[in-house]
Each structure stands twice: as C-alpha cells, then as structure tokens.
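S.K.: Below you will find the structure I want to go over with you.
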Amino acid sequence: MKYIDEMNDTYINDFHKIIGLNVKRLRKEKNLSQLDLAHKIGHKSVSIISCAEINHKNNHFNIEHLLKIAYVLEVDICEFFKEIMVE
C-alpha cells in the first residue's frame with residue numbers, strides 16, 4: 001500500500017496533461033472547435049477548454065467538466081484517462 005505523501009506534484013500535473021491531451025484528441029476527432037465544445041457544455045467562453053487542454057497555469061478539467069464533455073462527445077469517460085503517445 002502506498003501513502004499519499006509519496007505522490008508528488010509532478011505526478012498529478014502529468015495526469016492532468018494526459019487528460020487534457022485526450023480531450024483535445026477526442027474533440028478534434030469529432031471535428032469540434034474549442035468554442036463549440038465550450039458552448040455545448042454550458043460555458044460562454046473558450047478559456048476553460050483552451051487552458052485545460054494544455055494545463056495552462058495549472059488549469060485542469062474537473063469531474064463535472066469531464067462528465068459533460070464525455071456526454072457531448074459520446075465517449076466513455078475512461079477515454080480521458082488513457083495514456084497516449086506524445087510525438
């Protein structure tokens with residue numbers, strides 16, 4: 001069993017980056033712009049999508065965002081957590 005104090009900020013930040021990259025990949029596969037996706041999940045501004053996709057200033061998606069995005073994109077929420085190959 002591991003202890004939470006063994007987990008560092010880099011581990012968490014890297015996980016947020018994976019989620020953001022997966023959201024971006026799936027959004028693009030569905031031919032949606034960041035603004036279109038933002039509107040579809042109830043936001044008026046693109047900033048939540050654009051910042052969270054690249055983890056800008058440590059912005060990231062919360063579980064509600066991910067549930068809404070999965071619903072809109074018609075994907076299983078688990079798709080956001082898959083490791084991806086970064087070129």
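The values are calculated or read from the model by the stated rules, or taken from the named source; none is laboratory data. Since the model is a prediction, treat every value here as computed from it, not as a measurement. Cβ sites come from the backbone with ideal geometry, for glycine too, and all protein chains shown count toward neighbours.
S.K.: Out of the residues in region 65-87 meeting the condition of being assigned to a helix (DSSP H, G or I), in contact (Cβ under 8 Å) with a residue 24 or more places away in the chain and under 13 Å from the mean Cα position of the chain (by Cα), tell me which one is nearest to T10 (Cα to Cα). If you could, list the steps in order and put the result at the bottom.
M.R.: Residues of region 65-87 assigned to a helix (DSSP H, G or I): 65-73, 77-81.
From what is left, the residues that are in contact (Cβ under 8 Å) with a residue 24 or more places away in the chain are 65-66, 68-69, 72-73, 79-81.
So of that shortlist, the ones also under 13 Å from the mean Cα position of the chain (by Cα) come out as 65-66, 68-69, 73, 79-81.
Numbers: H65: 22, L66: 21, K68: 26, I69: 25, L73: 29, E79: 22, F80: 18, F81: 16 Å.
In this case the residue turns out to be F81.
S.K.: Please work out if N22 is modelled with pLDDT of 95 or more and on the phi > 0 side of the Ramachandran plot.
M.R.: So N22 fails the test.
S.K.: Failed condition for L26, given (1) free of Cβ contacts under 8 Å to residues at least 40 places away in the same chain; (2) part of a helix (DSSP H, G or I); (3) surrounded by 14 or more Cβ atoms within 10 Å (Cβ to Cβ); (4) not small (G, A, S), with all others met?
M.R.: (1)
S.K.: Can you name the condition, by its number, that Y3 falls short on among (1) touching a Leu at 6+ places or on another chain (Cβ under 7 Å); (2) surrounded by fewer than 17 Cβ atoms within 10 Å (Cβ to Cβ)?
M.R.: With (1) touching a Leu at 6+ places or on another chain (Cβ under 7 Å); (2) surrounded by fewer than 17 Cβ atoms within 10 Å (Cβ to Cβ) applied to Y3, the lone miss is (1).
S.K.: What number of residues in region 30-50 are closer than 13 Å to L66 by Cα and surrounded by 14 or more Cβ atoms within 10 Å (Cβ to Cβ)?
M.R.: 6
S.K.: Out of the residues in region 51-64 that are outside any helix (DSSP H, G or I) and free of Cβ contacts under 8 Å to residues at least 24 places away in the same chain, state the one that is surrounded by the fewest Cβ atoms within 10 Å (Cβ to Cβ). Spell out the reasoning first.
M.R.: Step one: of region 51-64, the residues outside any helix (DSSP H, G or I) are 55, 59-62.
Next, only the ones that are free of Cβ contacts under 8 Å to residues at least 24 places away in the same chain stay: 59, 62.
Details: N59: 16, N62: 9.
It comes out as N62.
S.K.: Would you confirm whether or not region 7-20 contains a residue that is crowded, with 17+ Cβ neighbours inside 10 Å and part of a loop (DSSP other than H, G, I, E, B)?
M.R.: No; the residues of region 7-20 include none that is crowded, with 17+ Cβ neighbours inside 10 Å and part of a loop (DSSP other than H, G, I, E, B).
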